[in-house]
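Working notes, structure below.
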Amino acid sequence: AAEYVEHLWSVHWDLPDGESFDSAVITFPAVHLTHEWGTDAPRHGYPLPSTLIHGVVTEVFSTTLRGCGWVVGAKFRPGGFAARFGRDASVYTARIVPADDELFSGPALLEDDREAAATRLDDLIAHGPGAPDPTFQQLTRLIERICDDNELHRVEQVMDLAPWSTRTTQRVFRRYVGVPVKWVLCRYRLQQAALAIETRPDVDLAGLAARLGWYDQAHFTND
């Protein structure tokens, strides 16, 4: 499944009765497919066990963990979910919905076991379209450049690198990634800023903001 999936992941928690843990994550421009089970039903508003599609989270992903639970997930490459399943990623943006039977042309039937669920997810995603998606391949190269090049600060710079017109590029990002170019650009710079602050808490925030392309520290702080 590596053509479409960046990595598989899992998490498990076991909290005493009455205790909870608030988790908050700055997300990437990625769709996740998860299989979830445990004692804390409902989770994300759905009964357990559930297999769920998590669209791109446009703000901060926040959840409160209680009881005992497990999640096995596939983090798709930006555009990977749309390329694999032929669906418009923007339909799922800022939403969590159950995976329908048509997603895999039949019931997924994942087991409530971390190793078995991961193996099954990998297998289901791998058995996709035989022909490569040239738009997804071109998009992947462009997003890798956005991620790696700290000198890319403006949408116009991305458009100069894109293999399509400005209008087509925006349409490709919305359909494949689920969010506009500007959001993707800002989110990767925010990820870099968060890593810098976590690595060195005394980093000069004004200098960091300027280095990563913000006009001033106030805009940086707001983002």
GluC sites (Glu not before Pro) restricted to segment 59-128 and DSSP loop, no more than 12 other C-beta within 10 Å: GLU59
So how exposed is LEU33, as accessible area in Å² (1.4 Å probe, rounded to 10)? 0 Å²
Let a ≥ b ≥ c be the square roots of the eigenvalues of the Cα gyration tensor of segment 18-141; is it rounded (a/c under 1.5), or, if not, prolate (a/b larger than b/c) or oblate? oblate
Ignoring ligands, DNA and RNA, what percent of the 1.4 Å accessible area of the chain is carbon and sulfur? 51 percent
When only the heavy atoms of the protein chains count and the probe is 1.4 Å, how do LEU195, LEU212 rank by accessible area, highest first? LEU195, LEU212
Quick check for me: using +1 on Lys/Arg Cβ and -1 on Asp/Glu Cβ, what's the dipole size of segment 183-223 about its Cα centre, in debye to the nearest 20? 180 debye
Identify, among ALA116, LEU190, LEU15, the residue whose Cα sits farthest towards the positive end of the charge dipole of the chain, taking +1 on the Cβ of Lys and Arg and -1 on the Cβ of Asp and Glu, with the dipole about the Cα centre. LEU190
The relative contact order of segment 1-92, taking Cα pairs under 8 Å that sit 6 or more residues apart, comes to a percentage of 44 percent
Would you please classify the overall shape of segment 70-173 from the alpha carbon gyration tensor, given that a ≥ b ≥ c denote the square roots of the eigenvalues, rounded means a/c under 1.5, and beyond that prolate means a/b larger than b/c while oblate covers the rest? prolate
How high is the relative contact order of the chain, in percent, counting Cα pairs under 8 Å that sit 6 or more residues apart? 22 percent
So what is the relative contact order of segment 91-223, in percent, for Cα pairs below 8 Å that sit 6 or more residues apart? 19 percent
Write out the GluC sites (Glu not before Pro) in segment 1-30 meeting two conditions: DSSP loop, and at most 14 other Cβ atoms within 10 Å of their Cβ. GLU19
Residue order for ASP122, ASP133 - accessible surface, 1.4 angstrom probe, largest first: ASP122, ASP133
Neighbours of THR27 by Cβ distance under 11 Å: Lys/Arg at +1, Asp/Glu at -1, summed charge +1
From the residues THR221, LEU52, HIS35, which one has its Cα farthest along the dipole of the chain in the positive direction, the dipole being from +1 and -1 charges on Cβ of Lys/Arg and Asp/Glu about the Cα centre? THR221
Per residue value of the accessible surface for the chain (all protein chains in place, 1.4 Å probe), Å²: 54 Å²
For a quick check of your reading of the filter: which GluC sites (Glu not before Pro) in segment 145-223 sit in a DSSP loop and have no more than 11 other Cβ atoms within 10 Å? GLU151
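The values are calculated or read from the model by the stated rules, or taken from the named source; none is laboratory data. Small disclaimer: the values here were computed from a predicted structure and weren't measured. As a convention, Cβ positions derive from the backbone with ideal geometry for all residues, glycine included, and neighbour counts pool all protein chains shown. All accessible areas refer to the heavy atoms of the entire protein, side chains included, with ligands and DNA or RNA removed. Shrake-Rupley method; radii C 1.70, N 1.55, O 1.52, S 1.80 Å.
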